[in-house]
Amino acid sequence: FFLSDSTAFSPSTPHAFHINFNSLYTALCEQQKSDQATLLVYMLLHLNSNVRTYVLAQTDIESLV
């Protein structure tokens, strides 16, 4: 696999991207009645410690629950 700048893509290449947790949290709160959003919240909370830390730090966690 090659990226557009001809840099080789290999499993040893670190993959870094940034997520706006505020936007993610807001979107998940708005979609709380969706089964897909509920599953995504569950997976993110259990598998991603950064998301879990962010969600637990929110003062309006009731809107997600």
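Starting from the residue with the highest accessible area, list V65, V41 in decreasing order, probe 1.4 Å.
From most exposed to least exposed: V65, V41.
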Can you work out the Karplus-derived ³J(HN,Hα) for every residue in the range 29-46? Use 6.51 cos²θ - 1.76 cosθ + 1.60 with θ = phi - 60°, whole Hz, and x for glycine or proline. 5, 6, 9, 5, 8, 7, 4, 5, 5, 4, 5, 4, 4, 4, 5, 5, 5, 7
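The values are calculated or read from the model by the stated rules, or taken from the named source; none is laboratory data. Remember, it's a predicted structure, so these values are computed and weren't measured experimentally. Please note that ligands, DNA and RNA were not included when accessible areas were found on the heavy atoms of the full protein model with its side chains. Shrake-Rupley method; radii C 1.70, N 1.55, O 1.52, S 1.80 Å.
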